[in-house]
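Every number in this text was worked out from the coordinates using simple rules, so none of it is lab data. Since the structure is predicted, the reported quantities are computational estimates derived from the model, not experimental observations. Note: ideal-geometry Cβ built from the backbone for every residue, glycine included; neighbour counts use all protein chains shown.
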């Protein structure tokens, strides 16, 4: 069987089991003989490699251009300050003070275009590293890892997904939340699996994720992790919104224990393995071979 | 000396705004002439960088001291380099006229 599909694993709330689902799906696809790539897009704290062994195939240092302003050439005309949409240029023309607030710069280059005095040059600043690990002949993991102190992981996530290409099945482990890093991750997905838990927090954050995906016109379904915990409100919500419930992962100490030791739960849980396989077949049949929308 | 005070409104009865970069108004008070001016903060809805942009605004008015409830981390190095003093006043109930009164003594 072949098929090209990108599946993002996401959730509004953190700690619901995105990485549990991503790594186990990756394992299952490997077992079934697919060409599969797992992209760890949780660039603030990537951890997919805790669960697998792999050999580094390639590393990419992700850089951004940051302006360098030569105050001796600057005429303090204020055009660069005006062009900057991100308040990254600090300017006091009366005192002839100009400086770049590097943390705020998005590297768009507008200030360089604005400057007629030739006072602005650019330097490279490293944002993070994208590493490709070869796990087996047909499978690899691409890890996005941002540098400490960098404000946004978006450009690193983008590069990691670019590195993954379009070949085979691509699983993207999304960062939590519903802001830019999440949107960047799911934007290229053909299908999104939202992982949640049956608690008020889980429900509240699930609603935010669903609303975001609706505006992006994405297809999605929900996995309830730690089923048996909390209350039934999440089930009513899914029913009311006609959102497919893909799978329930029981609240089970043996699962938590295996996961906490960096083990793949499906290896020793045939029942869950079967549920994962059924879910996967259904997703691949319905959404496989579809060209992603972006 | 000119002092900037962050304010929730444009009257002397308004309270001290606890946020610096995204305060509603800046009051610029001149301790020598006792004159004051309310400036609406254009950075209140800035997507990012409201702090530095607000420093830009008050520094262009020759302010040497700023009174607010809280300052963001990007603001401090800029204020230090400009030798503008930050005064943190954690009192949301304080009215602008009280602060001006305090500055007179």
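Per residue of B:52-60, count partner chain C-beta atoms within 10 Å of its C-beta, then hand back the mean as an integer.
4
Using a Gaussian network model on chain A with a 10 Å cutoff between Cα atoms, which of A:47, A:166, A:85 fluctuates the most? It is A:85.
Taking all C-alpha pairs of the range A:164-218, those more than 13 Å from each other amount to 61 percent. Using only DSSP helix segments of four residues or longer, with each worth -39500 (n - 2.57), what per-residue ellipticity at 222 nm results for chain B after dividing by its residue count and rounding to 500? Roughly -7500 deg cm²/dmol at 222 nm, from the helical runs in chain B. Peptide A:85-96 has a mean of 5 when you count, residue by residue, the C-beta atoms of other protein chains within 10 Å of its C-beta. Alpha-carbon geometry of the range A:90-138: the Rg and the Dmax are 18.4, 64 Å, given in that order. Counting every alpha-carbon pair across the range B:1-81, the share separated by more than 19 Å comes to 28%. Between 0 and 90 degrees, the angle of helix A:18-31 with respect to the longest Cα principal axis of chain A falls at about 60 degrees. Highest mean packing comes first when the peptides A:176-189, B:87-100 are listed by Cβ atoms within 10 Å, giving A:176-189, B:87-100. Going by neighbour counts of Cβ atoms within 10 Å, the residues A:49, B:73 line up, fewest first, as B:73, A:49.
For the peptides A:135-147, B:36-48, the ranking by packing is A:135-147, B:36-48, with the highest mean count of neighbouring Cβ atoms within 10 Å listed first. The tail of the calculated P(r) for the protein assembly as shown beyond 38 Å holds 39 percent of all Cα-Cα pairs. The Cα-based radius of gyration of the range A:109-183, divided by its Kirkwood radius, gives an Rg/Rh of 1.11.
Using just its DSSP H runs of length 4 or more, each adding -39500 (n - 2.57), chain A gives a mean residue ellipticity at 222 nm of -9500 deg cm²/dmol after division by all residues.
With a 10 Å cut-off around each Cβ of B:73-83, the average count of Cβ atoms from other chains is 2.
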